[in-house]
């Protein structure tokens, strides 16, 4: 039987995987123009959100156990500027951020979970820092999905259970209403 700590780490990997897949699926539906669409000057495009998730992830997860999660080399303000024009470049950055997360989680052991790490000089247990990321990243993935749905309009295909299809979905799973 697996320990609680190892079960937690397995759950974390599964959740990050779910949210990455959701983000991948939404981003895949967007063309070059749509990935840069902004509702207004104060809102973020999917491109900007990708840059922010990647920048945050690289900062938080690089040398996760040994250095502050807010790295001196991170330029958070620059993450919110349109500097990468191609979808290909954005996807490369997106993958780099996720690889950093997965490599760091894979290196963790159950004994690491109650260690203290720092983010902006604020102490967190490893569990707290992971949970912080499990709240932050899905928040932005939801924004990506919402924007993708808006710009795709009637061409949108649901990434989860489509409207009005809950009963049919549940029936396929053998769940009765």
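Structural remarks
- Residue count for region 163-177, restricted to those that are outside any helix (DSSP H, G or I) and closer than 23 Å to residue 14 by Cα: 1
- When the criteria are applied in full, residue 106 meets the requirement of being surrounded by fewer than 16 Cβ atoms within 10 Å (Cβ to Cβ) and under 27 Å from residue 27 (Cβ atoms).
- Single residue of 82, 42 found to be in contact with a helix residue (DSSP H, G or I) (Cβ under 9 Å, 6 or more places away or on another chain) and either at pLDDT below 95 or in a loop (DSSP other than H, G, I, E, B) (or both): 82
- Residue match in region 54-65 (condition: free of Cβ contacts under 8 Å to residues at least 40 places away in the same chain, in contact with a helix residue (DSSP H, G or I) (Cβ under 9 Å, 6 or more places away or on another chain) and buried (at least 21 other Cβ atoms within 10 Å of the Cβ)): yes
- Residue within region 142-154 that is over 27 Å from residue 33 (Cα atoms), within 19 Å of the chain's Cα centre (by Cα) and at pLDDT 95 or above present: no
- Just one residue in the set 74, 132 is surrounded by 14 or more Cβ atoms within 10 Å (Cβ to Cβ), part of a loop (DSSP other than H, G, I, E, B), free of Cβ contacts under 8 Å to residues at least 40 places away in the same chain and within 18 Å of the chain's Cα centre (by Cα); that residue is 74.
- Members of region 20-39 found to be assigned to a helix (DSSP H, G or I) and either surrounded by fewer than 18 Cβ atoms within 10 Å (Cβ to Cβ) or in contact with a strand residue (DSSP E or B) (Cβ under 6 Å, 6 or more places away or on another chain) (or both), listed by number: 21, 22, 24, 25, 28, 32, 33
- Failed condition for residue 125, given (1) out of contact with any strand residue (DSSP E or B) (no Cβ under 7 Å at 6 or more places or on another chain); (2) surrounded by 13 or more Cβ atoms within 10 Å (Cβ to Cβ); (3) without any contact (Cβ under 8 Å) to a residue 40 or more places away in the chain: (1)
- Positions within region 109-122 being surrounded by 15 or more Cβ atoms within 10 Å (Cβ to Cβ) and under 15 Å from residue 12 (Cα atoms), in sequence order: 112, 113
- Residue within region 149-168 that is under 15 Å from residue 21 (Cα atoms), touching a helix residue (DSSP H, G or I) at 6+ places or on another chain (Cβ under 6 Å) and in contact (Cβ under 8 Å) with a residue 40 or more places away in the chain present: yes
- Residue match in region 101-112 (condition: modelled with pLDDT of 95 or more and outside any helix (DSSP H, G or I)): yes
- Among the residues making up region 5-30, those that are farther than 16 Å from residue 49 by Cβ and touching a helix residue (DSSP H, G or I) at 6+ places or on another chain (Cβ under 8 Å) are 5, 6, 8, 9, 12, 13, 15, 16.
Residue-by-condition table, conditions (1) surrounded by 15 or more Cβ atoms within 10 Å (Cβ to Cβ); (2) assigned to a helix (DSSP H, G or I):
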{"residue": "139", "(1), (2)": "no, yes"}
{"residue": "143", "(1), (2)": "yes, yes"}
{"residue": "147", "(1), (2)": "yes, yes"}
{"residue": "160", "(1), (2)": "no, no"}
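The values are calculated or read from the model by the stated rules, or taken from the named source; none is laboratory data. Bear in mind that the values here come from a model prediction, so they are computed numbers and not experimental data. Reconstructed Cβ throughout: ideal geometry from the backbone, glycine too, with neighbour counts over all protein chains shown.
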